[in-house]
Every structure is written in structure tokens, then in C-alpha cells.
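For reference, the structure discussed in these notes is given below.
Nothing in this text is a laboratory measurement; each read-out follows from the coordinates by a stated rule. Just so you know, these numbers come straight off a predicted model, no measurement behind them. Because the Cβ atoms are built from the backbone with ideal geometry, glycine has one as well, and the counts that use them run over all protein chains shown.
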Amino acid sequence: MNSSHVSFVFRGFPALHRQRRLLAVPLCGCYVAVLAGNGVLVWVVRSVESLHSPMYLLVSALCVVDVLVTSAIVPNVLLALLADRDRISLAGCLTQMFFTHFLSSVESTLLLAMALDRYVAVCRPLRYKELMDWRAWLTLLLFTLMRSGTVMATLVALAGSLRFCDSDVIRHCYCDHMALVSLACGDKRHSAAAGLAVIACFVGVDIPLIFLSYVKILCVVLRAAPVGEERRKAFHTCGTHLMVMMCFYLVGSVTFLSHNLHLAIPPDLNTFLGLAYILLPAAANPIIYGVRTAEIQSGFARIFRRTSLLPPATRRKT
């Protein structure tokens, strides 16, 4: 067969295909939770002036990225589950692939930036304003766009240059890189190598720096804080952040590498892991960085009190 497919069909949960409409219920619930949780957190940070600090601006940026990356995937998955609109063009698949992986890589950079921000605030407090000025954030922004944009554009360009002349069925519910590349005929070594390079570029660089930052923070806190509540709080906070980050990187690496390493993962489990990699951090981040943070709780309570004290007529106008 010499022609190349110009469209593909998603078959993310083949074993549950007859029950696919039931799968839409928890997926829709997770999506609503992501939109509500991240939206409220951004609203609180935007409304409370005392939260206009680098750390909480990074948290807001993380929330925006979480909403964007889930919105690039979940609405299409729901349409496929509920209305059987499960076919996508090659151009649409490559576009979704770029934005999904680009936004995920931006999230990785934001997690790294948040860890470094906390490191400077705790370990170099006297130089915090000097090191974390507007030039540092502009440099971070340019670095994020250049690293994520260049790497993911190369990844997608290599995938787009392949010919797809065998199956047109993607064993996933969205256009994951290797799920599409695995359908190609001919030499796909360059695309497979690019996938490994992405893991090395982000997981191999970001994870060690994040881990090292939190270790340094813990060392400083343990030396300064007496045994008791402060130490417990420091361990709990750093441990929780690291657990969420490690889940993000671990699940993402498994789904990204499953085809490269020929891991025998059932299609249903691989699809679930691919969705969990996107949805779980997006749903957990507002809790980890919002509900469990005293400053965010205080800001939300301040907004609530201010709103409840307004006269009904004024409240309707606002």
C-alpha cells in the first residue's frame, strides 16, 4: 500500500468500547474539577494584592497551563466517547500533539522554577529580590518558550514527515507522539530517538534540579527549626510537593517510553496512564498549592468576608 493515511481513528479503551459512554462520567467530573479548582486559585491570586509575589504568580501560571493542556485533550475525548466523533485528520493530530507535549513541557519548567524560587527564598533570603527580579523572570520565560517550542516542534515535524500506510487506528484517546509514530511504515528511528531526547531534556534535567532544591531547603529548615511542629510541617510540605512532581514525571515517562522500550502495557492501561499524566496533576495542583497553603486560605477568606459584607445591591453590581 503506497498511500499514506490522512486521518486516524482513536481506540483508547478497546476492552471497554461498549461501555465507553460510562467512561465519560468520571472524565467529565475530573475536567470540571480541574476547571473549577484552577479557576478559583487564579481568581484568588489575582484578587489579593499580597499574593502578587513570584511564587504565587508561578502557581497561577501553572493553573493556566493545566487548564489549557486538559482543554486540548478532554473535550475531544468526550466527543469521541459520547458522540462517536473519534476520527481526526493528520494535521489535527499533529496540532494536538504539539500543544499537548508543549504545554506539558512548560509545566515541567514551571515546577522547576517554583522549586528554585523556594530554594532562593529559604536558602538565600537576603539576595531574593536581587536574584528574582524581572530580568530573571523574563529570562525564564524566553528559556521556557525556546526550549519547549524548539524541542516539541522538532518532535512533531519528524512525526509529520513519516508515511502511515498500515493501520489508521491510534491505540490511545489523544495524539500521543509514539502512539502515532508506531503506526508509521518505513524508518522511524529518528522519531524514536527524538522521543528519548525529550525525556533526557526534561526528565533528565528538571528532576535532579528539583530534587536538589528541595533537599537543600530541607537541610536549611532542619538546621534552623527546632524539633517539633516546624520540622514536621517542612517534611510534610516538601514531601507532598515531591510526590506530586514524581508522579507527574514517572507516569509521563512511562507513557512516553512505552513504545520506545517495547513495554508490554495493555492498551486500556496505557490510555489510562496517558490521561492520568494530564488530569491528576491538574486536579491535584490547586489542592497542593492552594487549599493546603496558609496564604491562599487567608486570601480566599478575605475575599469571602469582603463579598459577604457588601450590601445585596452592590454585590449584584460587582
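Numerical summary
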| read-out | value |
| --- | --- |
| Rel. contact order, % - alpha carbon contacts under 8 angstrom, at least six apart, the chain | 29 percent |
| Net charge of neighbours whose Cβ lies under 13 Å from the Cβ of SER105, counting Lys and Arg as +1 and Asp and Glu as -1 | -1 |
| Max mean-square fluctuation residue, GNM over the chain, Cα-Cα springs under 10 Å, options VAL106, VAL215, VAL34 | VAL215 |
| Size descriptor, Kirkwood hydrodynamic radius, that averages inverse alpha-carbon separations across region 7-317, Å | 21.2 Å |
| Net charge, SER161 excluded, C-beta distance under 11 Å - Lys, Arg +1, Asp, Glu -1 | +1 |
